1. Please work out which one of (1) modelled with pLDDT of 95 or more; (2) in contact with a strand residue (DSSP E or B) (Cβ under 8 Å, 6 or more places away or on another chain); (3) more than 11 Å from the ligand (Cβ to nearest atom) is the condition residue 93 fails and give its number.
2. Out of region 34-60, which residues are in a loop (DSSP other than H, G, I, E, B) and within 15 Å of the ligand (Cβ to nearest atom)?
3. Output yes when any residue across region 97-110 is part of a helix (DSSP H, G or I) and under 20 Å from the mean Cα position of the chain (by Cα), and no when none is.
4. Does residue 134 qualify as being within 26 Å of residue 82 (Cβ to Cβ), without any contact (Cβ under 8 Å) to a residue 60 or more places away in the chain and more than 9 Å from the ligand (Cβ to nearest atom)?
5. So how many residues does region 231-266 have that are part of a loop (DSSP other than H, G, I, E, B), without any contact (Cβ under 8 Å) to a residue 12 or more places away in the chain and exposed (fewer than 14 other Cβ atoms within 10 Å of the Cβ)?
6. Among the residues of region 118-128, is there at least one that is within 14 Å of the ligand (Cβ to nearest atom) and in a loop (DSSP other than H, G, I, E, B)?
7. Does region 194-207 contain any residue that is touching a strand residue (DSSP E or B) at 6+ places or on another chain (Cβ under 8 Å) and part of a loop (DSSP other than H, G, I, E, B)?
8. Any residue in region 95-121 that's over 19 Å from residue 161 (Cβ atoms): show its pairings with residues that are buried (at least 17 other Cβ atoms within 10 Å of the Cβ) and at pLDDT below 95 at Cβ separation under 6 Å, as long as the two are six or more apart or on different chains.
Ligand code: HEC
């Protein structure tokens, strides 16, 4: 139903109020204690809502919003209620401007395009050092190539200086810490539900305990990697509180431009409908048993519908062409180059590639090439952005 002009204006004022409040409080380090349950956050298509099954709105006082490491960051630094528990490039840019690039999200360890060959002593230097974060909302994720990897890094072309080939720099938008009940793997590449981190694979038989335990483990690794913690925090009680907080959150679009609320007149949009949505690992989860066994043995174990590390540890789960539902990742933007493709140079594949690159504006992103070892009998090269 089309909203009347007055109604629309009123709602917009409330949306803007919350968006600004949360971003600014994050910037200034002041905390409002709670984002009220009914809060809508504006986005280009209307607005979204995050609902907590605690029924008390989004509590901003728990360990998720506390500094557990040494560089001033909290989980909320990169998982913001106003951005669907992730970040948007537009709001990161606002934080940069409001704080002259001093907000805790701007830390060289993984907020900068690279942690060396940068100068963050001046505003211009910070603007350049954090350009991928400011303009695309990307964090640098360092993935060590495992000793027993079934691929070899053959070339790294990182224009920001992170050209190491033993630890690969991959640039990822924070995954939303909401709707986690529907996860069949934790992290883009599933590494927090795999032997790579000593965590358990999420299966129909061990869900949801495996998911909860994996998320607890993830909260410790996140504190070490993003907040430069020493591993002592979050404590067991804090881990539990973080995961309880995360698992209670559900986010969805709540208002459409021109359509109004999406949960009225019989429509089942908005976050509350997700709470009771039936969900079963390996039945309607994003990783499905019918996925082809193409990437054996590193990618998929046939029949169980779950990714294993090795190959996927580097690329993200999209390495098998099976991107996770609802998750946006730049690693999906990849271009395969192998013998089959080279023969057609100048043909439609090259034209497609040029159009593809232009449409995604991938030029600012580093590239690397990798060659499969055991996976492909005819060594096969991929290039990734
Ligand atoms: C500097 C920014 C940053 C901070 C701080 C941060 N995260 Fe994240 N988070 C990310 C990024 C980037 C990813 C995706 C990384 C990947 O998959 O390799 C992510 C992924 C996640 C995921 C995975 C969700 C999924 O769908 O698999 C969870 C859960 C999570 N973070 C929780 C936390 C918690 C808990 C904390 C605090 C202890 C935290 N994060 C702190 C940036 C951050």
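1. Of the numbered conditions (1) modelled with pLDDT of 95 or more; (2) in contact with a strand residue (DSSP E or B) (Cβ under 8 Å, 6 or more places away or on another chain); (3) more than 11 Å from the ligand (Cβ to nearest atom), the odd one out for residue 93 is (2).
2. Here is the first cut: in region 34-60, the ones in a loop (DSSP other than H, G, I, E, B) are 36-39, 44-45, 53-57, 60.
Once the filter is applied, which keeps residues that are in a loop (DSSP other than H, G, I, E, B) and within 15 Å of the ligand (Cβ to nearest atom), region 34-60 yields only 60.
3. First pass over region 97-110, keeping only residues part of a helix (DSSP H, G or I): 97-99.
After this cut, where a residue has to be under 20 Å from the mean Cα position of the chain (by Cα) as well, the list is none.
Within region 97-110 (the criterion being part of a helix (DSSP H, G or I) and under 20 Å from the mean Cα position of the chain (by Cα)), the answer is no, since none of the residues qualifies.
4. Numbers: within 26 Å of residue 82 (Cβ to Cβ): yes; without any contact (Cβ under 8 Å) to a residue 60 or more places away in the chain: yes; more than 9 Å from the ligand (Cβ to nearest atom): yes.
Criteria met by residue 134.
5. Residues that pass the stated criteria total 4.
6. Filtering region 118-128 down to residues within 14 Å of the ligand (Cβ to nearest atom) leaves none.
Scanning region 118-128, I find no residue that is within 14 Å of the ligand (Cβ to nearest atom) and in a loop (DSSP other than H, G, I, E, B), so the answer is no.
7. Here is the first cut: in region 194-207, the residues touching a strand residue (DSSP E or B) at 6+ places or on another chain (Cβ under 8 Å) are 194.
Keeping just the survivors that are part of a loop (DSSP other than H, G, I, E, B) gives 194.
Yes, region 194-207 has at least one match.
8. That search, which allows pairs on different chains as well, returns 95/27; 98/27; 99/27; 103/27.
The values are calculated or read from the model by the stated rules, or taken from the named source; none is laboratory data. Keep in mind that what you see is a predicted model, and the values were worked out from it rather than measured. When we count neighbours, we look across all protein chains shown, and the Cβ atoms used for this are built from the backbone with ideal geometry, even at glycine.
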